[in-house]
Amino acid sequence: MSYNSFGRVFRFSTWGESHGPAIGAVVDGCPPGLTLSEADIQPWLDKRRPGTSRFTTQRQEPDQVRILSGVFEGKTTGTPISLMIENVDQRSKDYSEVALAYRPGHADYAYDAKYGFRDYRGGGRSSARETASRVAAGAVARLAIPGVRIRAYLVELGGDAIDRACFEDAAIDENPFFCPDRAAAARWEKIVDDARKAGSSVGAVVECVADGVPPGWGAPLYAKLDSELAAAMMSINAVKGVEIGDGFAAARLTGEANADAMRPGNDGKPVFLDNHAGGIAGGISTGQPVLVRLALKPTSSILTPVETIGRDGEAADIRTKGRHDPCVGIRAAPVVEAMMALVLADQKLLHRAQVG
C-alpha cells in the first residue's frame, strides 16, 4: 500500500495495523544532537491513549513506546529514528460480521474496490489506531522547533459550541474533552453519555494554535504552509473539513475587515491588529499565531443497525460491535498537535535549506 510517508525534509512513515502485533513510525531527516528518550515521547502518547475515561473506547492499550534506532547516548544521530508501540488488547472476534458486510461511513468498501482485499479487523490501516504512531513522531518533531508552543482543544461537540468568553487554557488539561470552557465540558458529558447509550456517536470541531512560529516559514505556491497544514490535517481519520484562520467565515467579511491591519512596533517589526489569516499570508508565516480548525465526523462504528450490502452484493443490515469512541474528536486533539509539529518542523528545515 503506497503513500505511508509525509514530509519533505523532516519526514516520517507509519506502519502497522490496528490488530497486528505492533504499530510504529520511522522518522527521517531529524537533526542530530537533539536530546531524545522514550520519556520525551510517552507523555504525548498518554494524552491520546484509549481507555482513560468513560467517554472514549475502553480498549486498554498502554501505548508504551520503544526507540529502536537513531539515538545513541541519549542524542539523535541524524539517522532514521524507529519507534514501536505494541498492541496488547486486540479483540479481532468482534469483527466477524465486518468480514462479510461493509460498514457504511468506513473505508471497507473503498478498500475492497481498490485492492480487492482488506483487513477487516478494526479496519486495519484505516483504523484511528494508526494515529498513535503520528503522536510518537510528533513528539520528536517538537524537539526540532524549540520555542514553538502548540495547543489543541475542542471548541464544539455534538453541535454544542464553547463560549469564547469563558476560554481558560488551564481547563484544557482538567477534563477528558480537552475543552477550554468548563461549563461546556460539563454539558458534553451528557451529550457523549446519551450517544453511547443510544448506540450512536457525535462529531466535533478541534482547534489548534501554534505560538512562537517566526515569520518566513513556508513558500509560495506548492509548498505553502497552509496547504501543507491542510494536507496534514485532512490525512487524520474522520476529518472532513479544515479551516485556516477565519476559514469560511472570511467569505462573509469585507476586504477592510479581513485585512489584518498592521502598525509599527518598537522592534521594527509590525504589530498586527487582527489575525483573520491564521498567521499565514501568501503561504508564508507572518509571526502571528498559526491557527487551524478541523471538523471531525461522528464515529462510523455504531451499534445502531445501518443498511448496507455484503461482499456478495446482497442487501444486509450491520451493527458494529466492539469498543469504539462515541466521539472520535475527543482523542483527536493530541493527533492534531502532532501533525502541526510535524509540518512546522519540516517547514523550518526547508526554510533553513533555502535561506540559511
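The values are calculated or read from the model by the stated rules, or taken from the named source; none is laboratory data. In this text, all values refer to a predicted model and were calculated from it rather than measured experimentally. With ideal geometry, Cβ positions are generated from the backbone for all residues, glycine too; neighbour counts draw on all protein chains shown. Please note that ligands, DNA and RNA were not included when accessible areas were found on the heavy atoms of the full protein model with its side chains. Shrake-Rupley method; radii C 1.70, N 1.55, O 1.52, S 1.80 Å.
Looking at (1) in contact with a Leu (Cβ under 8 Å, 6 or more places away or on another chain); (2) of a type outside the set (Ser, Thr, Tyr); (3) surrounded by fewer than 21 Cβ atoms within 10 Å (Cβ to Cβ), which is the one condition that is false for residue 178?
Only one criterion is unmet by residue 178, namely (3).
Among the residues of the range 164-175 satisfying the criterion of being open to solvent by less than 50 Å² (accessible area, probe 1.4 Å) and either among the β-branched types (Val, Ile, Thr) or in a helix (DSSP H, G or I) (or both), which is farthest from residue 332 (Cα to Cα)?
The selected residue is 171.
For the list (1) part of a loop (DSSP other than H, G, I, E, B); (2) farther than 29 Å from residue 290 by Cα, I need the number of the one condition that residue 193 fails.
Here residue 193 clears every test but (1).
Please go through the range 330-356 and pick out each residue that is crowded, with 17+ Cβ neighbours inside 10 Å, out of contact with any Asp or Glu (no Cβ under 8 Å at 6 or more places or on another chain) and at pLDDT below 95.
Matches in the range 330-356: 330 only.
Just checking: which of the strands (runs of 3 or more DSSP E) contained wholly in the range 250-314 hold 3 or more residues that are at pLDDT below 90?
Here the list reads 306-309.
Considering every residue within the range 232-240, establish whether at least one is in a strand (DSSP E or B) and at pLDDT 95 or above.
Yes, that holds for at least one residue.
One line per residue, one yes/no per condition, for (1) buried (at least 20 other Cβ atoms within 10 Å of the Cβ); (2) under 20 Å from the mean Cα position of the chain (by Cα); (3) over 15 Å from residue 130 (Cα atoms):
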| site | (1), (2), (3) |
| --- | --- |
| 10 | yes, yes, yes |
| 13 | no, yes, no |
| 16 | yes, yes, no |
| 21 | no, no, no |
| 41 | yes, yes, yes |
| 50 | yes, yes, no |
| 62 | no, yes, no |
| 76 | yes, no, yes |
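Could you run through the range 34-62 and say how many residues are touching a Pro at 6+ places or on another chain (Cβ under 8 Å) and either modelled with pLDDT under 95 or outside any helix (DSSP H, G or I) (or both)?
The total comes to 12.
Tell me which of these residue 263 doesn't satisfy, since it passes every other one: (1) open to solvent by 60 Å² or more (accessible area, probe 1.4 Å); (2) under 31 Å from the mean Cα position of the chain (by Cα); (3) free of Cβ contacts under 8 Å to residues at least 24 places away in the same chain.
The one condition residue 263 does not meet is (2).
If a residue has to be under 26 Å from residue 328 (Cα atoms), part of a loop (DSSP other than H, G, I, E, B) and modelled with pLDDT of 95 or more to count, how many in the range 63-77 make the cut?
0
When residues of the range 103-121 are filtered for being at pLDDT 85 or above, in contact with a Phe, Trp or Tyr (Cβ under 6 Å, 6 or more places away or on another chain) and open to solvent by less than 50 Å² (accessible area, probe 1.4 Å), how many remain?
Qualifying residue count for the region: 1.
Show the residue pairs meeting these rules: Cβ distance below 7 Å; 6+ apart or different chains; first residue within the range 233-249 and without any contact (Cβ under 8 Å) to a residue 40 or more places away in the chain; second residue surrounded by fewer than 19 Cβ atoms within 10 Å (Cβ to Cβ) and among the polar types (S, T, N, Q).
Short answer, once both residue conditions are applied: none.
From the set of residues in the range 268-317 that are over 29 Å from the mean Cα position of the chain (by Cα) and over 30 Å from residue 124 (Cα atoms), which is most open to solvent (accessible area, probe 1.4 Å)?
In this case the residue turns out to be 269.
Considering only residues of the range 23-33 that are open to solvent by less than 30 Å² (accessible area, probe 1.4 Å) and part of a strand (DSSP E or B), which is farthest from residue 141 (Cα to Cα)?
23
For the range 339-354, check the following and say yes or no: at least one residue is part of a loop (DSSP other than H, G, I, E, B) and within 25 Å of the chain's Cα centre (by Cα).
Looking through the range 339-354, none of the residues is part of a loop (DSSP other than H, G, I, E, B) and within 25 Å of the chain's Cα centre (by Cα).
Among the residues of the range 238-258, is any within 22 Å of residue 56 (Cβ to Cβ), out of contact with any Pro (no Cβ under 9 Å at 6 or more places or on another chain) and open to solvent by 50 Å² or more (accessible area, probe 1.4 Å)?
yes
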